[in-house]
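Okay, structure first, notes after.
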Amino acid sequence: IKSFMSVSWRDEKEKSLKKLIEKNRIGLVTDMDGTISHIVRKPEDAIVTPHSLELLAALRTKLALVAVVSGRPAQNVRERVGLSGVEYIGNHGLERWVDGEVRHNAALKAYLPRLEASVAKLRQISIVGSQVEDKGVTVTIHYRQTENPEQTQKQLRPLVQQIASDEGLDFFEGRMIFELRPPVKADKGIAFAELVQEFDLDGAIYIGDDTTDLSALAMARRLREDETCYALGVGVLSDDHPAALPETADLLAAGVDDVEKFLTWFFENLRRS
């Protein structure tokens, strides 16, 4: 089965996308930051674009599933998107918003004290302009606002890796962030595959822009190749997208505005209402 490597979604309207929209039970799973909301200097200032919200609400009436999967806590994503009938998966699949509350992956409990300890240690090494975000089941240090982010990255990386090692946590690096997570099997790819199974989808699309989205973009291809579900991964390009993004995604969108254009096309071309 061919991949559609480095192809704009527009070039596949009559090919892979046509095949997708002919499926019976279709799901849309999207990342938030950098995908349906513009990247901002302070993570707390991020807002989902009004047009993206309208499109997600409209798509919810036509699709078997609309889900937002984020590295943010599930409750934070739920508050920022604010649509009912949408599934919210937070902390890269470690938690989910269900029936008005956050449900955690059961394996997490043992690691909560270690996460707490790592928050304290990260605060001790943080540099002016960096920000330690305690997300309950993960912890992130943001350094976009430091005076010299490139220098900060080099300075902080070994220190954060050491804290991760001392506390028995996994170390991840994203766009101007370092993150510590419990060594529990969870990522956006696993979350995507679980949603496909849970909602019995025969067609699905995943949209994402960052390092943590690569697992889901790769999972889309795997699901399609083993014929579990006709899934496509849309990678969102930016000035600092991960080098592996174009080759991991099936299709490409040129930024948040182009994601809106894609979602508009998707909605207008779906058969079901």
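If you go through the stretch 204-237 and pick out every residue that is over 19 Å from residue 179 (Cβ atoms) and of a type in the set (Ser, Thr, Tyr), you end up with 3. Here the stretch 83-114 is the region considered, the condition is being of a type in the set (A, V, I, L, M, F, W, C) and at pLDDT 95 or above, and the residue that is nearest to residue 71 (Cα to Cα) is 89.
Entry remark, the stretch 111-129: residues being surrounded by 15 or more Cβ atoms within 10 Å (Cβ to Cβ), free of Cβ contacts under 8 Å to residues at least 60 places away in the same chain and among the basic types (Lys, Arg) number 1 in total.
Here is the figure for the stretch 151-204: residues that are open to solvent by 40 Å² or more (accessible area, probe 1.4 Å), in contact with an Asp or Glu (Cβ under 9 Å, 6 or more places away or on another chain) and among the basic types (Lys, Arg) total 1.
Has the stretch 205-215 got any residue that is open to solvent by less than 10 Å² (accessible area, probe 1.4 Å) and either more than 16 Å from residue 71 (Cα to Cα) or free of Cβ contacts under 8 Å to residues at least 12 places away in the same chain (or both)? Yes, the stretch 205-215 has at least one match. The criterion of being farther than 18 Å from residue 252 by Cβ and not in a strand (DSSP E or B) holds for residue 77. Residues in the stretch 81-110 that are open to solvent by 50 Å² or more (accessible area, probe 1.4 Å) and part of a helix (DSSP H, G or I): 106, 107, 109, 110. Scan the stretch 30-50 for residues that are assigned to a loop (DSSP other than H, G, I, E, B), among the charged types (D, E, K, R) and within 16 Å of the chain's Cα centre (by Cα) and the total you get is 1.
Residue pairs whose Cβ atoms lie under 6 Å apart, sitting 6 or more positions apart in sequence or on different chains, and linking a residue in the stretch 36-54 that is of a type in the set (S, T, N, Q) to a partner that is part of a helix (DSSP H, G or I), are 52/260.
Reported count of residues in the stretch 1-11, each being at pLDDT 95 or above and touching a helix residue (DSSP H, G or I) at 6+ places or on another chain (Cβ under 9 Å), is 3.
The values are calculated or read from the model by the stated rules, or taken from the named source; none is laboratory data. A quick note: this is a predicted structure, and the numbers were derived from the prediction, not measured. Every residue, glycine as well, gets a Cβ built from its backbone with ideal geometry; the counts of neighbours run over all protein chains shown. Side chains are part of the model used for accessible areas, which takes the heavy atoms of the whole protein and leaves out ligands, DNA and RNA. Shrake-Rupley method; radii C 1.70, N 1.55, O 1.52, S 1.80 Å.
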